[in-house]
1. Count, please, the residues in the range 185-224 that happen to be among the basic types (K, R), away from ligand 1 (no atom under 14 Å from the Cβ) and part of a loop (DSSP other than H, G, I, E, B).
2. Only one residue in L9, L84, L55, L60 is within 16 Å of ligand 2 (Cβ to nearest atom), touching a Leu at 6+ places or on another chain (Cβ under 9 Å), of a type in the set (A, V, I, L, M, F, W, C) and closer than 18 Å to L186 by Cα. Which one?
3. Determine whether I16 is open to solvent by less than 20 Å² (accessible area, probe 1.4 Å), of a type in the set (A, V, I, L, M, F, W, C) and either under 21 Å from W144 (Cβ atoms) or within 16 Å of ligand 2 (Cβ to nearest atom) (or both).
4. Within the range 99-109, identify whether any single residue is among the β-branched types (V, I, T), within 16 Å of ligand 1 (Cβ to nearest atom) and buried (at least 17 other Cβ atoms within 10 Å of the Cβ), and answer yes or no.
5. Here are some residues: E75, E170. Which one is open to solvent by 20 Å² or more (accessible area, probe 1.4 Å), more than 21 Å from G41 (Cβ to Cβ) and out of contact with any Pro (no Cβ under 7 Å at 6 or more places or on another chain)?
6. Would a scan of the range 30-52 turn up a residue that is open to solvent by 90 Å² or more (accessible area, probe 1.4 Å), within 14 Å of ligand 2 (Cβ to nearest atom) and either farther than 29 Å from D180 by Cβ or of a type in the set (F, W, Y) (or both)?
7. Go over the candidates L62, L9, L83 one by one and state the one that is within 11 Å of ligand 1 (Cβ to nearest atom) and open to solvent by 30 Å² or more (accessible area, probe 1.4 Å).
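The values are calculated or read from the model by the stated rules, or taken from the named source; none is laboratory data. Just so you know, these numbers come straight off a predicted model, no measurement behind them. Virtual Cβ from ideal backbone geometry, glycine too; neighbours counted across all protein chains shown. Areas reflect the complete protein model, heavy atoms only, side chains present, ligands, DNA and RNA absent. Shrake-Rupley method; radii C 1.70, N 1.55, O 1.52, S 1.80 Å.
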Amino acid sequence: MEFKEKINLEKLPKHIAIIMDGNGRWAKQQGEQRIFGHENGVKSVREAVEACAELGVKYLTLYAFSTENWNRPQEEVIALMQLLVHTISAETKTLNENKIRLQAIGDLKSLPDDCYHELQEAIENTKNNTRTTLVLALSYSSRWEITNAVKQIAEQIENKKLAASEITEEIINANLCTADMPEPELMIRTSGEHRISNFLLWQLAYSELYFTDKLWPDFRKNDLYEAIVDYQNRERRFGKTSEQLIS
Ligand code: IPE
Ligand code: IPE
Ligand code: MG
């Protein structure tokens with residue numbers, strides 16, 4: 001079924017976050033090494049980015065590499081980092097053509113030097129684009145991010161720039177990597193796993209969660225449209241009653 005025409009463009013999510021999962025299993029199904037799955041996942045990234053830009057979704061955050069993923073076999077980590085450097089440098093031109101701004105969240109300094117520099121260059125070269133912001137979560141985990149935020153706030157208190165009694169949700173927000181971004185209304189995870197895996201724990205507080213069995217390399221624009229239609233058919237109550245929302 002085609003889902004694009006079922007989307008209500010007036011009610012688009014401003015921010016979609018995706019846990020791109022299932023590359024390894026996809027490769028195994030083809031009798032290939034795990035990295036073959038990661039390579040094929042790049043096409044799905046392109047499709048998701050293009051679909052968001054075409055529709056007018058303002059932010060797309062992709063979980064590309066978690067803090068815990070550093071614990072994978074070294075050859076997979078190295079191959080993933082190489083794929084990342086290669087993809088970022090190859091795609092910068094297309095990002096600019098499509099007016100897409102690149103940003104990244106996570107412990108970026110822990111990335112290999114070439115990866116870090118390629119990323120910073122692409123961020124700099126696309127910073128004036130305004131159509132859609134693509135956020136890569138790299139060496140990211142939510143507990144790392146929250147720990148970092150707590151440290152920053154503690155330093156502000158130590159330097160007498162802030163009092164403990166002045167800490168608000170807004171201040172915590174402002175110290176997260178996502179400070180300037182709207183919260184994701186929709187979070188998608190592929191590959192049939194029903195968990196968050198240390199992704200945006202604070203920001204997903206009221207997000208609609210959507211799970212699909214599709215493995216990431218098989219994910220196409222129509223799968224994203226389907227998730228958006230599903231999201232648009234839900235009632236977001238934010239703790240209120242259904243009746244309150246109608247009146
Ligand atoms: C997601 O696919 C990509 C990354 C975590 C980098 P996986 O590599 O986790 O694939 P599965 O879950 O093992 O199939
Ligand atoms: C989550 O996938 C991280 C990314 C997609 C980058 P994982 O495959 O690492 O998560 P778990 O281990 O299944 O929870
Ligand atoms: Mg996985």
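1. The qualifying residues number 1.
2. That would be L60, the only listed residue that is within 16 Å of ligand 2 (Cβ to nearest atom), touching a Leu at 6+ places or on another chain (Cβ under 9 Å), of a type in the set (A, V, I, L, M, F, W, C) and closer than 18 Å to L186 by Cα.
3. yes
4. For the range 99-109, residues among the β-branched types (V, I, T), within 16 Å of ligand 1 (Cβ to nearest atom) and buried (at least 17 other Cβ atoms within 10 Å of the Cβ): present.
5. After ruling out the rest, the residue left standing is E170.
6. yes
7. L83
A quick yes/no check of all residues on (1) touching a Ser or Thr at 6+ places or on another chain (Cβ under 9 Å); (2) closer than 27 Å to G22 by Cα; (3) open to solvent by 40 Å² or more (accessible area, probe 1.4 Å):
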{"residue": "E166", "(1), (2), (3)": "no, no, yes"}
{"residue": "N175", "(1), (2), (3)": "no, no, no"}
{"residue": "L186", "(1), (2), (3)": "yes, yes, no"}
{"residue": "E193", "(1), (2), (3)": "no, yes, yes"}
{"residue": "S197", "(1), (2), (3)": "yes, yes, yes"}
{"residue": "F219", "(1), (2), (3)": "yes, yes, no"}
